[in-house]
Amino acid sequence: MKKKTKVAFLDRDGVINSGKINNGYIGYAKDFKWITGAKKTVKFLKENNFKVVIITNQSGVARGYFSLRDVYKLHNYISSELIKFGTRVDKIFFCPYHKDGIIKKYKKKSLLRKPSTGMFHLTQKIWNVDKKNSFVIGDQKTDIEFANKSKIKGYLFNQKDLYKFVKKKVYFS
């Protein structure tokens with residue numbers, strides 16, 4: 001049996017990104033704004049033996065606001081900025097689907113869409129997730145529902161500094 005792995009699941013928009021353009025539909029690096037302490041948080045979690053996984057609903061693809069390629073380009077930007085900072089995320093999972101989408105290919109219900117647990121199961125296929133020591137940080141009720149359904153801790157983030165939040169609320173709780 002694979003050893004258990006601690007995983008920190010971080011929502012993207014509202015947790016590591018504070019950009020609020022286009023009603024929160026962020027598809028381009030120019031609209032992405034790092035939340036204070038986000039890069040430092042990723043580094044801190046990596047130094048404390050967590051796998052860091054970004055999980056994000058990106059219905060902007062289904063709604064026609066930006067393309068799948070745009071999302072990949074943005075995620076490459078996030079990854080390269082973290083590498084410059086001396087750290088990295090281990091995986092980025094996202095759901096481009098939405099039942100109300102206008103792009104036919106992405107107009108559907110999906111188990112990848114939070115609060116469903118598809119992204120947790122994708123992570124579990126890679127690592128044996130240590131549910132007792134893993135957690136989700138999200139800014140929406142659906143992120144906490146995702147945590148509950150995945151049977152891991154969930155923290156609602158609605159502050160300005162992610163690092164301070166993690167040090168106070170998550171890591172030493």
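Brief remarks on what is shown
- Number of the condition not met by Lys51 [criteria: (1) over 23 Å from Phe135 (Cβ atoms); (2) among the charged types (D, E, K, R); (3) under 15 Å from the mean Cα position of the chain (by Cα)]: (1)
- Residue that is farthest from Pro115 (Cα to Cα), among those in the stretch 156-166 that are open to solvent by 70 Å² or more (accessible area, probe 1.4 Å) and out of contact with any Asp or Glu (no Cβ under 8 Å at 6 or more places or on another chain): Lys164
- Subset of the stretch 114-164 (residues that are farther than 25 Å from His98 by Cβ, out of contact with any helix residue (DSSP H, G or I) (no Cβ under 8 Å at 6 or more places or on another chain) and at pLDDT 95 or above): Ile126, Trp127, Asn128, Asp130, Lys132, Asn133, Ser134, Lys151, Asp161, Lys164
- Against the conditions (1) out of contact with any His (no Cβ under 6 Å at 6 or more places or on another chain); (2) open to solvent by 10 Å² or more (accessible area, probe 1.4 Å), Gly27 satisfies every one except (2).
- Some residue of the stretch 36-44 being open to solvent by less than 60 Å² (accessible area, probe 1.4 Å), more than 21 Å from Lys131 (Cα to Cα) and under 15 Å from the mean Cα position of the chain (by Cα): yes
- Number of positions in the stretch 8-24 that are on the phi < 0 side of the Ramachandran plot and surrounded by fewer than 18 Cβ atoms within 10 Å (Cβ to Cβ): 3
The values are calculated or read from the model by the stated rules, or taken from the named source; none is laboratory data. Predicted model, so just to flag it, every value in this text is computed and none were measured. Positions of Cβ are generated from backbone atoms using ideal geometry, with glycine treated the same way; all protein chains shown enter the neighbour counts. Surface accessibility is based on the protein's heavy atoms, side chains included, excluding ligands, DNA and RNA. Shrake-Rupley method; radii C 1.70, N 1.55, O 1.52, S 1.80 Å.
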